[in-house]
Amino acid sequence: MKRFLLFSSLILATFLTACENGVHLSPITPSDTGVFDNNTTQDTVYKWSPYVGIHATNEATDAYRDALILLKRAGNIKGVRVGIDKEGGQRLSNPVIRMVGSLGGIDILGLIDNYYLINNPNMEQDIDQIFAAYPEIHYFQVGNEFTTIVSGNGGPAVTIEQYMTSLKRIYDHIQNRLPNRAVLLTQATLGSGLHGPVELEKMAKLGLTQMDPNKIIIAINSYDPNGSSEYTGILSGLLGRYRVWVTEAGISNPNLHISYVQNNYGKGGPFQNYLRAERVYWFIMWGGDGPPDVDFSLIKNPRNFPNYWKSPLLQLLTGSR
Amino acid sequence: MKTANRICSLVFLIALWPLDTLAQNENPPTITEPLPKPPPKKAERNHGAYLKFGLAHWQGDIFNQDLTQWRGNVFGSDYNLTSLNVEIETYFTNNHALLSGWSIGYRKDDIKYMDAGHMLSTKIFRDFDLKVLEIKTGGGIEWGMPSLNFDNTIFEYGKDGSVRYRHTYPEKNSNIPGVGTTQDGVFYPFGELSILERGRVFLIEVGIRINVIRFGFDNYEIVKDKINYDFSNKPTMAPYLFINIGFKI
């Protein structure tokens with residue numbers, strides 16, 4: 001028994017010594033409500049992916065412009081994702097898209113509304129009109145969370161098979177008519193749980209893999225990147241030749257925006273490591289189409305411009321604190 | 001230890017045998033002389049099944065530019081994770097076909113994340129009793145959903161808008177039925193070497209397992225939306241150190 005204990009102690013000590021260098025602690029989460037030290041600021045800016053989603057809501061245009069100019073001056077914005085709505089009456093002359101285009105140097109990803117893809121005999125003509133109306137847009141995302149958003153918001157029940165039929169129509173139309181006009185993004189699948197990966201695999205088998213990787217990019221909305229493990233097989237297998245962008249990410253708590261970026265964005269973060277995402281779009285600059293303003297928002301109360309609210313993350317990224 | 005005892009007994013008997021024979025031939029035993037001892041029974045192995053709980057620590061170095069080949073740096077730090085495992089290990093009464101036993105086990109890699117890092121394994125082994133301890137060597141296969149710690153992508157963004165990156169990952173070559181996508185699991189062989197001390201009830205073991213996992217190394221270059229690739233893959237050794245404590249069941 002004495003020999004057993006001696007042996008146990010010896011190998012336990014050896015093992016613990018060997019593991020000592022392997023202890024990795026999570027980065028200390030900064031207090032998002034406090035003043036940030038240089039390390040926090042540098043780390044966040046270093047990891048930040050300079051892309052943000054914007055709801056094309058005209059009432060927020062002044063605040064959007066102000067926030068984008070501040071971000072641009074700080075070098076922390078390179079692109080935005082803006083919806084091109086089928087319903088709403090201002091689809092082809094959206095002042096927000098015009099405003100972003102007028103700032104220069106900000107790449108626009110146009111999100112073609114799901115309703116363009118449902119029971120639309122004029123799909124090709126609509127695409128032509130969108131292309132003509134927005135020459136400043138080179139990247140177009142064809143739908144978003146198609147099978148969950150449409151029916152989830154009271155629309156008809158739609159399937160991924162229907163979506164792929166529409167995507168192929170649009171893709172073929174562009175390749176036949178204007179092959180160098182645009183690069184498409186797929187509808188974004190959900191990034192956590194099994195629904196998104198399984199749906200993406202179906203998309204691959206329904207014809208996505210027959211499309212040119214130079215002409216189409218895989219889009220994923222990922223709010224819980226650590227739950228994206230099921231994507232790793234398909235993104236390195238069937239869809240290994242395709243680029244990946246995360247078109248929505250973020251957390252619904254302004255006090256955790258900064259730590260979310262620090263933990264998930266950039267080198268070593270799950271968006272890059274697991275999803276190999278070239279770009280990550282913060283979900284929303286302002287999510288206030290229906291009150292209250294959502295807590296993903298980087299700004300709130302834009303109608304109070306110039307005294308609108310800025311999230312701690314936006315303040316950090318614009319150097320205003 | 002038992003094997004050593006057997007060897008000692010055998011050597012002792014062989015050494016005594018000529019003397020004994022000689023004594024029988026030259027001097028028949030008398031009533032006062034002790035009777036020759038009966039040959040000892042063959043020593044029995046410490047056999048049975050153990051339930052083992054263990055801790056494993058992985059550190060490796062496969063993600064850097066020149067690391068498509070394992071450099072043998074067990075204490076490198078490009079992937080770095082700790083695992084917990086549970087295993088049922090059976091030792092035969094006697095060796096069969098050179099084997100001393102077999103085991104089945106489950107390991108949870110990187111306990112922070114529940115979605116990945118679930119591995120099942122089975123193994124056969126041979127142990128050698130060195131009196132003060134045993135040396136055990138074995139091999140087996142492992143199957144499951146690997147930890148995300150083995151996925152790594154290093155990006156390089158050019159000022160001209162170009163993007164280059166290298167994605168390193170364990171190649172999925174198996175399906176985990178009933179969940180997720182059709183190629184979401186890995187299946188690979190491993191070898192193992194350990195030293196252990198087995199008592200009547202408890203067991204303690206420390207060793208190294210070397211997993212031979214096929215990794216993919218995918219290089220991408222995107223310039224003005226034109227994409228170029230350089231994909232390769234190769235079996236890569238991913239070792240970990242482990243310590244197990246078990247008790248007989």
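Taking all protein chains into account, the per residue accessible area for the range A:175-321 stands at 32 Å² (1.4 Å probe). Put simply, chains A and B cover up around 4000 Å² of each other's accessible surface, both sides summed, when a 1.4 Å probe is used. The range A:258-321 and the range A:106-148 have Cα centres spaced 24 Å apart. Heavy atoms only, probe 1.4 Å: what % of the accessible area of the range A:259-321 goes to carbon and sulfur, would you let me know? In the range A:259-321, the share of accessible area belonging to carbon and sulfur is 47 percent. Relative to its residue count, the range A:118-207 spans a Cα convex hull of 108 Å³ per residue. Across peptide B:81-89, the average count of Cβ atoms from other chains found within 10 Å of a residue's Cβ is 1.
Where q = 0.13, 0.14, 0.15 Å⁻¹, what log10 of I(q)/I(0) comes from the Debye formula for chain A, counting one point per Cα? Each listed q corresponds, in turn, to -0.96, -1.10, -1.25. Counting 0.36 nm for each residue step from B:Asp225 to B:Ile141 and taking away their Cα separation leaves a gain of 26.0 nm. Of the two radii for the range A:213-274, the radius of gyration is 1.01 times the Kirkwood radius, both from the alpha carbons; that is the Rg over Rh value. If you take all other residues with their beta carbon under 10 Å from the beta carbon of A:Gly266, and give Lys and Arg +1 and Asp and Glu -1, the sum is +1. Taking the Cα centre of the range B:100-249 as reference, the dipole from Cβ charges on Lys and Arg (+1) and Asp and Glu (-1) amounts to some 360 debye. P(r) for the range A:172-290, from all Cα pairs and a bin width of 5 Å, is 2, 11, 21, 22, 17, 13, 9, 5, 1, 0 %, short bins first. For the range B:226-249, a drop of 10 Å² or more in accessible area on going from the chain alone to the assembled protein chains (1.4 Å probe) is found at B:Lys226, B:Ile227, B:Tyr229, B:Phe231, B:Leu241, B:Ile243. Scanning chain A for helices, which whole DSSP H stretches are 20 Å or more long along the axis (Cα) and average -0.5 or more by Kyte-Doolittle? Once both thresholds are applied, what remains is A:2-19. Inter-chain Cβ neighbour count for A:240-252, averaged per residue, equals 2 (cutoff 10 Å, partner chain atoms only). In chain A, the DSSP beta bridges split such that about 5 percent are antiparallel, to the nearest 5. Let me know the mean shielding of B:178-186 by other chains, meaning the per-residue number of their Cβ atoms within 10 Å of its Cβ. Across the residues of B:178-186, the mean count of other-chain Cβ atoms within 10 Å is 6. Taking other residues whose beta carbon is less than 12 angstrom from the beta carbon of A:Ile220, and scoring Lys, Arg as +1 and Asp, Glu as -1, yields -3. Each Lys or Arg adds one and each Asp or Glu subtracts one; over the other residues with Cβ under 9 Å from the Cβ of B:Thr82, this totals -2. Each peptide among A:104-116, B:89-101 gets the average number of other Cβ atoms lying within 10 Å of its residues, and from highest to lowest they stand as A:104-116, B:89-101. Charges were assigned to the Cβ only: +1 to each Lys and Arg, -1 to each Asp and Glu. The resulting dipole of the range B:183-249 about its Cα centre is roughly 320 debye.
Counting Cα-Cα pairs of the range A:54-173 in 10 Å increments starting at 0 gives whole-percent bin shares of 12, 42, 31, 14, 1.
For the range A:182-321, DSSP calls about 15 percent of its internal beta bridges antiparallel.
Centre-to-centre separation between the Cα atoms of the range B:108-173 and those of the range A:169-202: 32 Å.
Residues whose amide H falls under 5 Å from that of A:Ser297, counting only those 5 or more places apart or on a different chain, are A:Gly287, with hydrogens built in the peptide plane. Placing one identical point scatterer on every Cα of the range B:109-164 and ignoring solvent, what is log10 I(q)/I(0) from the Debye formula at q = 0.18, 0.25 Å⁻¹? Scattering profile of the range B:109-164, log10 relative to I(0): -0.80, -0.94. Ordering of A:155-163, A:189-197, A:217-225 by packing is A:217-225, A:189-197, A:155-163, highest average first (other Cβ atoms within 10 Å, averaged per residue).
The values are calculated or read from the model by the stated rules, or taken from the named source; none is laboratory data. Just so you know, these numbers come straight off a predicted model, no measurement behind them. FYI the Cβ positions are ideal-geometry reconstructions off the backbone, even for glycines, and counts take in every protein chain you see. We work out accessible area using only protein heavy atoms, side chains counted, and drop any ligands, DNA or RNA first. Shrake-Rupley method; radii C 1.70, N 1.55, O 1.52, S 1.80 Å.
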